[in-house]
Structure formats: C-alpha cells, structure tokens
Amino acid sequence: MPHIAARYVILALLVAPATLLAAASTLAETAAPPSLKGQLLIATPAMRDTRFDRAVILMVRHDIDGAMGIVINRPLGEKPLAEILAAFGAKDMAATGNVRVFLGGPVQPEVSFVIHGVDYRRPETLEVDARFAATPSREVLRDIAGNSGPMKRLIAFGYAGWAPGQLDGELARNVWYTAPADPALVFDDDRDKVWEHATARRTQDL
C-alpha cells in the first residue's frame, strides 16, 4: 500500500497551495475592508454619542491604521480672518474680511484643517480623491488672505479620528450611514439641510 499512500501525499501537496491561497485571500479581505476615503459618513438615529448627533463627516483617510474625517455641518460662525491668523502667530499678515469656520471634530480642536478642491496644493496637502483635498496648516489661511487660496474651501478646527478597526466596528453596529460625497453638498449646501440631503444619498441602510 505504500504507493497508494504516496499518491495521497502528492495529491495533498497539489491541493495545499490552492487552499492556502484561498485562505490568504479570505484573510486579506477580512483585514482590509473597503476604504471610505472620499465618502461621507452620516450619523444614524442610532448614534448615542452626542458629539456626533446628525453629524456628516467627509472621510479624509480610512485604512488599516485607522481613520479620520472632518465634520462638515457644525458651523461655529464667522470670524475675522485676521483674528484667526493672529491666533496662529501670523500677526503681521494683513487680512480683511470674515470667513466661516466649523467644528471639524472633537480631536485637537486647536488644529485647523481646510477642506478644499484640487485646484490648490501645498507640500503638506493631503489628497483625498479627484475632487477633494485637505491642508492642515496656517499657510493655506495666509494664501486665502492673499487671494491665492483654494476657490472652494471649508475651514474647520479639530477632526474626528478612529483607531485601527474602530470605525469598522461602529459601522457593524449600524451607527453610521455612508454616502458618496458631492462638492456642492460639502461646500455650498445649506448647513441646516446637509444631514437630510446626505442621508437621502445613503448607500448603507440599517
């Protein structure tokens, strides 16, 4: 019977690579869920964290290392651009006019991010997708003051952040909808209507 046993060993060796490949593929799919980068994250009625009640977030990053995004429907009001620049130490910068500012999230509210179109770029600019980018520095505010900044922009302080796998767990608990982002909704829509309009576009139902 040795030759029969040898045949089973050979068969096992032939089948093993395919089995291992399938297992590796399954593991990769489990470890790397689809990225929400460039999409909208929308708080559902099941959201219990009051910081995110009816929040709409443009996702700037989402990968195995975690996720971050900017809330786009929490306006704080209009502030003199000169005052904002002075807060960042740019007191010598001549600036006129007011700009609308937003609370981008509960993490590091002293840090500013400007969400804008891809017509503007700096070395520190984070590419989101073919329509959106984010620049986390006071230099973009200087450029706005000098009329050389991005045409469309949303100035936010703070951001929303998640540890690796945390957001995916929240999605599994149905506390977020997802929806495709739209520049008109991000930059131009009535902030009081953003949640309703974004929810109408949702791609994930409870």
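Quick rundown of the values:
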{"read-out": "Environment charge at Gln166 (Cβ cut-off 14 Å; Lys +1, Arg +1, Asp -1, Glu -1)", "value": "-3"}
{"read-out": "Phi to ³J(HN,Hα) by Karplus 6.51 cos²θ - 1.76 cosθ + 1.60 over segment 172-184, Hz, x for Gly, Pro", "value": "5, 8, 6, 9, 9, 8, 10, 7, x, 7, 9, x, 5"}
{"read-out": "Table column - 3J(HN,Hα) (Hz), segment 158-171, Karplus curve with 6.51, -1.76, 1.60, x for Gly and Pro", "value": "x, 7, 9, x, 9, 6, x, x, 5, 5, 4, x, 5, 4"}
{"read-out": "For segment 83-188, with +1 on Lys and Arg beta carbons and -1 on Asp and Glu, the positive-most of Gln108, Leu85, Ala130 along the dipole", "value": "Leu85"}
{"read-out": "Computed label-point distance, nm, for sites Glu83 and Gln108 using a 7 Å Cα→Cβ extension", "value": "2.4"}
{"read-out": "Stokes-Einstein diffusion coefficient of segment 108-206, Kirkwood radius over Cα pairs, 37 °C, 0.692 mPa s, in µm²/s", "value": "216"}
{"read-out": "For segment 153-206 versus segment 81-151, the gap between their alpha-carbon centres in whole angstrom", "value": "21"}
{"read-out": "Gain upon complete extension [Arg201, Thr50; 0.36 nm per residue less C-alpha separation]", "value": "52.1 nm"}
{"read-out": "Computed magnitude of the charge dipole of segment 98-143 (debye, nearest 20; Cβ of K, R +1, Cβ of D, E -1)", "value": "120"}
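Bear in mind that the values in this text are calculations on the coordinates, not laboratory data. Please read these numbers as outputs of a predicted model, since none were measured by experiment. Every residue, glycine among them, receives a Cβ derived from its backbone with ideal geometry; neighbour counts consider all protein chains shown.
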